[in-house]
1. Relative to the compact-globule scaling 2.2 N^0.38 Å, provide the ratio for the alpha-carbon radius of gyration of region 13-56.
2. Could you sort the peptides 172-184, 134-146, 347-359 by per-residue average Cβ neighbour count (10 Å cutoff), highest mean leading?
3. Let's test the formula: R0 of 30 Å, r as the Cβ-Cβ distance of ASP83 and SER20. What FRET efficiency results, to the nearest 0.05?
4. From zero up to wherever the largest Cα-Cα distance of the chain sits, split into 10 Å bins and tell me the percent of pairs in each.
5. Residue-wise, which Karplus ³J(HN,Hα) couplings in Hz belong to region 346-362, taking 6.51 cos²θ - 1.76 cosθ + 1.60, θ = phi - 60°, and x for glycine or proline?
6. Spelling out what I want: for every residue of region 277-294, take phi, set θ = phi - 60°, compute 6.51 cos²θ - 1.76 cosθ + 1.60 (Karplus), and round to whole Hz; glycine and proline get x.
7. Roughly how far apart, in whole Å, are the Cα centres of region 386-421 and region 256-297?
8. Where a Cα-Cα gap under 15 Å defines reach, which aspartates and glutamates qualify for LYS380, not counting those fewer than 8 residues away within the same chain?
Amino acid sequence: MPFLGGSCGHTAKSGREAESFKEQGNAYYAKKDYNEAYNYYTKAIDMCPKNASYYGNRAATLMMLGRFREALGDAQQSVRLDDSFVRGHLREGKCHLSLGNAMAACRSFQRALELDHKNAQAQQEFKNANAVMEYEKIAEVDFEKRDFRKVVFCMDRALEFAPACHRFKILKAECLAMLGRYPEAQFVASDILRMDSTNADALYVRGLCLYYEDCIEKAVQFFVQALRMAPDHEKACLACRNAKALKAKKEDGNKAFKEGNYKLAYELYTEALGIDPNNIKTNAKLYCNRGTVNSKLKKLEDAIEDCTNAVKLDDTYVKAYLRRAQCYMDTEQFEEAVRDYEKVYQTEKTKEHKQLLKNAQLELKKSKRKDYYKILGVDKNASEDEIKKAYRKRALMHHPDRHSGASAEVQKEEEKKFKEVGEAFTILSDPKKKTRYDSGQDLDEEGMNMGDFDANNIFKAFFGGPGGFSFEASGPGNFYFQFG
């Protein structure tokens with residue numbers, strides 16, 4: 001197309017120079033040297049500032065450099081100079097779309113289609129812009145439903161068409177933080193801050209990640225910085241307030257615990273748990289802390305429940321597993337204790353954790369044998385005299401002769417108990433056998449076969465006398481016995 005000097009508002013010579021700069025820019029563009037192409041298109045524009053195609057070419061170059069906001073300005077200038085410039089409208093729409101303004105993009109693509117209704121690129125880009133608007137709508141609804149995974153999915157799809165949209169990136173990063181995917185969220189926010197260090201939304205997301213990782217002091221610094229950039233930033237304001245409140249309540253609870261004021265510590269930890277249900281890591285620690293308080297208050301089932309809530313929030317929280325395992329041990333729930341200690345040992349293979357697991361396994365093994373202390377009704381630290389007195393009482397209580405007039409079912413049950421009492425006494429009255437029993441060793445070893453006990457012989461040896469045995473009443477609730 002021949003150059004018309006008047007279109008530049010300058011001389012024909014300047015117009016020819018401008019065309020020369022444009023051609024050189026085209027050559028660099030073809031070689032993908034976009035920085036040099038940009039320089040030559042700029043020279044062309046300086047020589048001839050009213051040529052729409054020069055702005056269009058520079059817009060295309062800026063788009064290749066990822067500088068979409070500057071490119072948008074050039075594309076808009078190109079269509080202001082020439083509203084029939086189809087490629088100018090396409091580039092304007094593409095810049096709007098890349099920056100996340102899908103509605104404005106649709107208007108540009110519609111104008112391009114008005115000028116050229118068969119333009120395949122305009123048709124496709126119009127569909128893309130509408131798809132982005134649809135993803136935005138879905139994401140907005142799902143964010144309110146707290147379906148953060150779906151929001152991330154929608155933003156990933158939208159960002160395929162709008163790679164320079166900070167708004168989409170921030171929403172994605174915020175949802176990643178809410179899902180506990182902190183490194184990914186941090187990466188997105190940091191990427192934005194590299195380009196715009198004053199971006200309040202990105203500062204907020206950085207703070208949010210730190211806040212959810214229980215680095216509350218650092219988080220507050222980012223929230224404060226975000227509020228300096230945007231004093232009306234509602235999310236940063238709320239997060240900053242919650243972070244400060246959580247920190248204060250937790251510290252007050254810790255102080256009360258150290259001072260031995262367990263009731264106050266319990267109340268403070270409970271109040272802290274009500275501040276922000278989304279802060280998983282901090283709340284896991286608060287539940288574990290409250291569980292420790294409950295164990296101090298001898299509320300072991302409540303302590304177990306708190307520790308369970310802690311590991312539900314953070315299944316890698318070793319301290320909570322250890323606390324719960326100890327509570328299980330204290331309540332003789334040995335299978336559960338073994339399970340928790342196994343989890344701990346798999347996570348951290350230390351000598352201490354190995355010993356705790358062995359102890360729990362031993363107690364579990366012991367719990368599956370007959371509890372001789374329970375059969376005699378004595379404490380595990382009972383003295384020799386206490387064991388003898390307990391045997392005397394229980395042996396008389398369950399002796400078959402005493403129940404000779406009862407039903408066959410009762411006689412059978414009492415005979416079983418009588419044998420168990422004799423068995424228990426035989427073990428607990430013998431220091432060697434008692435030691436082996438207490439340490440969890442098998443009593444069938446070294447000639448201690450548990451099937452060889454004769455309850456009647458044990459009874460006779462204890463009470464003395466040659467043979468038969470009978471009870472006679474000597475008053476309400478009292479009996480005396482005699483051997484025949």
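1. On the way: Rg = 9.4 Å, N = 44, 2.2 N^0.38 = 9.3 Å.
Its radius of gyration relative to the 2.2 N^0.38 Å reference: 1.02.
2. In decreasing order of mean packing, 172-184, 134-146, 347-359 become 172-184, 134-146, 347-359.
3. Details: r = 27 Å, r/R0 = 0.91.
Efficiency for this residue pair is about 0.65.
4. 4, 13, 15, 13, 11, 10, 9, 8, 6, 5, 4, 3, 1, 0, 0
5. So the Karplus estimates, Gly and Pro as x, are 5, 7, 9, 7, 9, 4, 4, 5, 5, 5, 4, 5, 4, 4, 5, 4, 5 Hz.
6. x, 7, 7, 5, 5, 5, 5, 4, 5, 5, 4, 5, 4, 5, x, 5, 4, 4
7. So the two Cα centres are separated by 50 Å.
8. Correct list for LYS380: ASP330, GLU332, GLU363, ASP371, ASP430, ASP438.
The values are calculated or read from the model by the stated rules, or taken from the named source; none is laboratory data. These numbers come from a predicted model, not from an experiment. Here Cβ is always computed from backbone atoms with ideal geometry, including for glycine, and neighbour counts include all displayed protein chains. When the accessible area is computed, the model is the full protein with side chains, heavy atoms only, and any ligands, DNA or RNA have been set aside. Shrake-Rupley method; radii C 1.70, N 1.55, O 1.52, S 1.80 Å.
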